[in-house]
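Worksheet for the structure shown next.
The values are calculated or read from the model by the stated rules, or taken from the named source; none is laboratory data. From a predicted model like this one, the values you see are computed outputs, not experimental measurements. Neighbour counts are summed over all protein chains in view; Cβ atoms, including those assigned to glycine, are modelled from backbone coordinates with ideal geometry.
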Amino acid sequence: MGSGPSILALKGVSYRWSGRGSFALDVPAFSIATSERVLLLGESGSGKSTLLSLICGTITPHAGSVLLSGTDIASLSAGKRDRFRAEHIGLIFQQFNLLPYATVLDNILLSLRFAPQRRARVAHPQQTAQKLCMDLGLPKDTLTAQAGTLSVGQQQRVAAARALIGAPPLIIADEPTSALDAATQATFLDLLFEQTRNAGSTLLMVSHDARLAPQFDRVVQMADIARTAQAAA
């Protein structure tokens, strides 16, 4: 556990997916310190996706609290959770989730559309997006390209720029390097660490690849923080 104040804290959290023989997840306690870089490791089926959904507020626990920046996400209405997530969490999805026919600029700025506080921190959105792209090693003319025409590695960096713009307090990266070769993976992680450090953001990265562990401040195993089971009907 990090030594500084916690930006994220789960306590006594439990969640049950509905249906006979469905998945159940219990997290007695888990926290991340501000500005910490945490790698969360777990095999498929270990509950990583459910945990991320709880942290992001796309689902709410049946018991317990999920505190992000001091706010219990579970206490908010669905609409308020959506707005809170947009302001406080930058997401890098495993499949990137870019709009393929939109320009790179439009994809990056999309994360500010429903986050006025993040948008207020960006005085010049286009210039900021351009600088992020350059800092992430993308070609100068990338902003005007359609996202779907880029390579996998380039799309991944656009997804990172979209998550980072406006300096959200927490960046969550869900298996962002799984489709990359070792060299591209290492380059991307170096760039991601640099950008989260510049923004003062906390990083939670989820993976099944234990080889990434030495690059993080702390490594957490899903099995050490959560209990999983097949729930009764």
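In the range 172-233, counting only strands (runs of 3 or more DSSP E) that sit wholly within it, the ones holding 1 or more residues that are loosely packed, with under 15 Cβ neighbours inside 10 Å span 218-221, 227-230.
Could you check how many residues of the range 107-125 are among the small types (Gly, Ala, Ser), outside any loop (DSSP other than H, G, I, E, B) and over 15 Å from ALA163 (Cβ atoms)?
1
Considering ALA161, ALA86, the condition of being closer than 21 Å to LEU8 by Cα, of a type in the set (A, V, I, L, M, F, W, C) and part of a helix (DSSP H, G or I) is satisfied by ALA86 alone.
Go through the residues of the range 27-38 one by one and say whether even a single one is within 21 Å of SER201 (Cα to Cα), part of a strand (DSSP E or B), free of Cβ contacts under 8 Å to residues at least 40 places away in the same chain and out of contact with any Ser or Thr (no Cβ under 6 Å at 6 or more places or on another chain). No, the range 27-38 contains no residue that is within 21 Å of SER201 (Cα to Cα), part of a strand (DSSP E or B), free of Cβ contacts under 8 Å to residues at least 40 places away in the same chain and out of contact with any Ser or Thr (no Cβ under 6 Å at 6 or more places or on another chain). The test for being under 28 Å from SER178 (Cα atoms), surrounded by 14 or more Cβ atoms within 10 Å (Cβ to Cβ) and at pLDDT 95 or above holds for LEU40.
Could you please find all residues in the range 94-145 being buried (at least 21 other Cβ atoms within 10 Å of the Cβ) and of a type in the set (S, T, N, Q)? Within the range 94-145, ASN107, SER111, THR142 qualify. Scanning the range 75-93 for residues that are free of Cβ contacts under 8 Å to residues at least 24 places away in the same chain and either among the aliphatic types (A, V, I, L, M) or surrounded by 16 or more Cβ atoms within 10 Å (Cβ to Cβ) (or both) yields a total of 2. Restricting the range 43-73 to residues that are part of a strand (DSSP E or B) and touching a residue at least 60 places away in the same chain (Cβ under 8 Å), which is surrounded by the most Cβ atoms within 10 Å (Cβ to Cβ)? It comes out as LEU68.
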